[in-house]
Amino acid sequence: MNFSLSEEHIMIRDAARDFARTELLPGVIERDNKQEFPQELVKKMGDLGFLGIMVDPKYGGSGMDAISYVLIMEELSKIDASASVIVSVNNSLVCYGLESYGSEEQKQKYLTKLATGESVGAFCLSEPEAGSDATSQRTTAIDKGDHYIINGTKNWITNGGRADIYIVIAQTDRDKGSHGINAFIVEKGMKGFDIGPKEDKLGIRGSDTHTLQFNDVKVPKENRIGVNGSGFRFAMKTLSGGRIGIAAQALGIASGAYELALKYSKERKAFGTEICNHQAIAFKLADMYTDIEAARMMVMKAAWDKDQGNNYDKSSAMAKLYASKVAMEHTVEAVQIHGGNGFVKEYHVERLMRDAKITQIYEGTSEIQKIVISRSLIKE
């Protein structure tokens, strides 16, 4: 058992840290205020290989492991969770799904562009009546021989307005339940595919979140991913990997808030000394650091399971459940340590607190993670 990072992993972490501090930090408050998608920064992240971290180099990816992925996600998320969720969705939900289940033709046509950042991807599962209950798909894909006709609505779609390639989960045969669901590749600009207004969100405000409408969208048969009826399994396995990315995001948000709180506590004085010397603050810092380290171990274990080819359904759910809890609790504490300044945007911690909440909701709510974990325990 070795808890040390390799030299390569340290280099990857440091490169992500440097990018976050030099490129993401300068405009992060303004992007949050304006709900501005970081278009130019996404291109730079693509150039650095951050949008195809685990994709095979033959498809334009960086060929890194899941440990590298979570290290990058943590560093980006310390500064800008809106930027990191773009990375997470593109890697975990889109690139992974295409590389693992797509045809060679689909990989050559779509994955190569997604891995390099030439294109951005979106994953379309959630619907007005199918959030946590992913089997209740109302979006339909009717088989017309050489093509499908897709009708329906998807909401809460990250990268919804800026993506070029959308993976859409739809019901082909309702009588077969989850076995009648398929996954399709839909391109922006296809006739009948409309993008609704941008959501005005509490957190990750620089991230693009939209409702999507599909009105008789004609999708070629070759754009179906995998064999007929495999869409639900595809979605669930893809989400398991996605939870590792969001767990790393939550870890980064918590870690970023802790670092700011520690720094502030060493600078701010009250009652004749730096506030870090007061037990009330020192104990908060101790709790924050301990919980963040525990979350880090869980996130790393989930990534290690993925790299080793182990089943990571349970470990990824546990990592996301715990890391998101830590992020929410300790960003609140970071605001408290900052006092009145914590309520002011220029100190960053209030944004991290707002960003933390979504990590308990997307890629499966905390309640869904408990279902995944408990079912795994009962089966063992």
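Of note:
- Within segment 207-231, considering residues that are part of a strand (DSSP E or B) and charged (D, E, K, R), the one surrounded by the fewest Cβ atoms within 10 Å (Cβ to Cβ): ASP216
- The condition of being surrounded by fewer than 21 Cβ atoms within 10 Å (Cβ to Cβ), part of a loop (DSSP other than H, G, I, E, B) and of a type in the set (A, V, I, L, M, F, W, C) holds for LEU5.
- So GLU129, is it within 22 Å of GLU199 (Cα to Cα) and either without any contact (Cβ under 8 Å) to a residue 12 or more places away in the chain or touching a helix residue (DSSP H, G or I) at 6+ places or on another chain (Cβ under 6 Å) (or both): yes
- At least 2 residues being among the acidic types (Asp, Glu) and open to solvent by 10 Å² or more (accessible area, probe 1.4 Å) is the threshold, and among the helices (runs of 4 or more DSSP H) wholly inside segment 76-134 not one reaches it.
- Close contacts from segment 259-277, counting a first residue that is of a type outside the set (Ser, Thr, Tyr) and a second that is open to solvent by 80 Å² or more (accessible area, probe 1.4 Å) and in a loop (DSSP other than H, G, I, E, B), with Cβ to Cβ under 9 Å and a gap of 6+ residues or different chains, come to GLU274/ARG268; ILE275/ARG268; CYS276/ARG268.
- Residue within segment 181-199 that is in contact with a helix residue (DSSP H, G or I) (Cβ under 7 Å, 6 or more places away or on another chain) and open to solvent by 10 Å² or more (accessible area, probe 1.4 Å) present: no
- If you go through segment 250-271 and keep only what is more than 30 Å from SER82 (Cβ to Cβ) and either open to solvent by 80 Å² or more (accessible area, probe 1.4 Å) or touching a Pro at 6+ places or on another chain (Cβ under 6 Å) (or both), you end up with LYS269, PHE271.
- Residue check, ILE12 touching a residue at least 12 places away in the same chain (Cβ under 8 Å), in contact with a Phe, Trp or Tyr (Cβ under 8 Å, 6 or more places away or on another chain) and among the β-branched types (Val, Ile, Thr): no
- Helices (runs of 4 or more DSSP H) wholly inside segment 283-380 that include at least 1 residues being β-branched (Val, Ile, Thr) and open to solvent by 60 Å² or more (accessible area, probe 1.4 Å): 313-338, 366-379
The values are calculated or read from the model by the stated rules, or taken from the named source; none is laboratory data. This is a predicted model, so every value here is computed, not measured. Glycine gets a Cβ as well: all are built from the backbone with ideal geometry, and neighbour counts include every protein chain shown. Just so you know, the surface numbers come from the protein's heavy atoms only, side chains and all, with ligands and any DNA or RNA stripped out. Shrake-Rupley method; radii C 1.70, N 1.55, O 1.52, S 1.80 Å.
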